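The values are calculated or read from the model by the stated rules, or taken from the named source; none is laboratory data. Keep in mind that this is a model prediction, so the values were computed, not measured. Because the Cβ atoms are built from the backbone with ideal geometry, glycine has one as well, and the counts that use them run over all protein chains shown. When the accessible area is computed, the model is the full protein with side chains, heavy atoms only, and any ligands, DNA or RNA have been set aside. Shrake-Rupley method; radii C 1.70, N 1.55, O 1.52, S 1.80 Å.
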Amino acid sequence: MVVAAMAWAVAATAASDDSARVHRLEAEVVPGIILHTNAFLKGNNTEVRMMNRSFVAHLKYAFMPPEGSREAIIYKGVYQGVGLSYHHFNPQLGNPVSAYLFQGATIKNLSSRLSLNYEWNLGLTYGWKSYDEKNHPENRVIGSKLTAYLDADIYLRWMLSRQCDLNLGATFTHYSNGNTSIPNAGLNVVGARASVAWYFNRQQSRQEESVVPPSERYWLWDLTLWGAWKRKGVETANGSYPIPGTYGVAGFHFNPLYHLNHWLNVGASFDASYDGSANIEIDDIALQEEKWHDSEHDVHQPAWYRKVGLGLSGRVEFVMPYFTINFGVGHNLVNTGSGDLKGFYEILALKIAVMRQAYLHIGYSLYDFHYPNNLMLGLGLHL
């Protein structure tokens, strides 16, 4: 779905003077350090070995707006594209591969050839040596062969020539399956990136400053419908265990936004959700004996209305060509006395433009700024 959305965007932009667009290929390497957020990474594994290092090799294709165009002036240095990467970890984690979308742009020009830039990556990683109850029970970090891949970079770009850039910077990467299976502690890696980018059709070898055209202010009214699935676990004195079954989650956001400038929208959202795993209870005797996780008979479902969340959230959006990043913090207004719907919830989502009035929505929800909740995969409309 994500790759199809990008292909749609590429096809749509190709029709508008594609001959003037700038294209680039980039080869990148990222040696990294694994953050020890889990006992498995600290040495609780069959090798009794602390996992410290990682290495990633990337190959990326991106396109940029025509030089001197309105889009290039407003969104300085912007580029977006698709990438492939190979990840080398300890044998206990495996050597998976990733396919992803990415976008980057200039934060500040430091000179005519040097700039400070950012980049994000979002995609899927496949081929982990994941958790297996019989053969690999210690791995509570990666619970499935397929995970999400999220990466944020900040780097310096040095324009060596009209055709070539050298990039040096830092990265933070997170791998998680979004609670679609458990265990799901997730893996975090920080690294140093170095890359060489080769440009096709770039005419300038220096960066030029231009006056940004004024932006109109107006209201947007976004409606997003989303759904996903999740697993759930429970903590006991002897550790955490998965509750039997997979549970559906679904909802919508009605999100009025005020367009402040070319890059920023702010507003509020009315959020409704149904979580099939919310407020379920485990039989007390079964919980004490820790036999419940082998049988669905000890799992008690509450009434449907105790699974419904209705809340309000504040929203901020970072707007760029083709992609918009939406961040929100909210609180439910119903079922807040106890259970899974109390407290604050947080949302981080990517909107991918597929038509002028429609977008794909890929999001993730936390609660209380710490605990993973669920994915949010959906469609949205600008009303």
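Before moving on, here are some points about what is shown:
- Residues of the range 162-179 satisfying the condition of being touching a Ser or Thr at 6+ places or on another chain (Cβ under 6 Å) and outside any strand (DSSP E or B): Arg162, Asn177
- Tabulated pairs, the range 70-87, first without any contact (Cβ under 8 Å) to a residue 60 or more places away in the chain and within 22 Å of Gly123 (Cα to Cα), second open to solvent by less than 10 Å² (accessible area, probe 1.4 Å) and outside any strand (DSSP E or B), C-beta under 6 angstrom, 6+ apart or interchain: His87/Pro96
- Of the residues making up the range 109-154, those that are in contact with a helix residue (DSSP H, G or I) (Cβ under 9 Å, 6 or more places away or on another chain), surrounded by fewer than 20 Cβ atoms within 10 Å (Cβ to Cβ) and closer than 14 Å to Asn184 by Cα are Glu138, Arg140.
- Criterion violated by Gly343 - all others in (1) among the small types (Gly, Ala, Ser); (2) under 12 Å from the mean Cα position of the chain (by Cα); (3) surrounded by fewer than 19 Cβ atoms within 10 Å (Cβ to Cβ) satisfied: (2)
- Looking across the range 232-263 at every residue that is at pLDDT below 80 and in a strand (DSSP E or B), the one that is nearest to Leu381 (Cα to Cα) is identified as Gly233.
- Among (1) open to solvent by less than 70 Å² (accessible area, probe 1.4 Å); (2) among the hydrophobic types (A, V, I, L, M, F, W, C); (3) touching a residue at least 40 places away in the same chain (Cβ under 8 Å); (4) within 26 Å of Ala152 (Cα to Cα), the one test that Phe200 misses: (1)
- Of all residues assigned to the range 83-93, at least one qualifies as being open to solvent by less than 20 Å² (accessible area, probe 1.4 Å) and among the hydroxyl-bearing types (Ser, Thr, Tyr).
- Checking each residue in the range 45-68 for being open to solvent by 30 Å² or more (accessible area, probe 1.4 Å) and either farther than 27 Å from Ile34 by Cα or outside any loop (DSSP other than H, G, I, E, B) (or both) picks out Arg53, Phe55, Ala57, Leu59, Tyr61, Glu67, Gly68.
- Selection from the range 294-321 of residues that are modelled with pLDDT under 85 and surrounded by 19 or more Cβ atoms within 10 Å (Cβ to Cβ): Asp298, Val299
- Residue among Asn373, Asn335 that alone is in contact with a Leu (Cβ under 8 Å, 6 or more places away or on another chain), outside any strand (DSSP E or B) and farther than 17 Å from Met320 by Cβ: Asn335
- Enumeration of residues in the range 172-193 that are on the phi < 0 side of the Ramachandran plot, within 14 Å of the chain's Cα centre (by Cα) and not small (Gly, Ala, Ser): Phe172, Thr173, His174, Tyr175, Asn177, Leu187, Asn188
- Of the candidates Leu84, Leu150, the single residue that is closer than 22 Å to Ala228 by Cα and in a strand (DSSP E or B) is Leu150.
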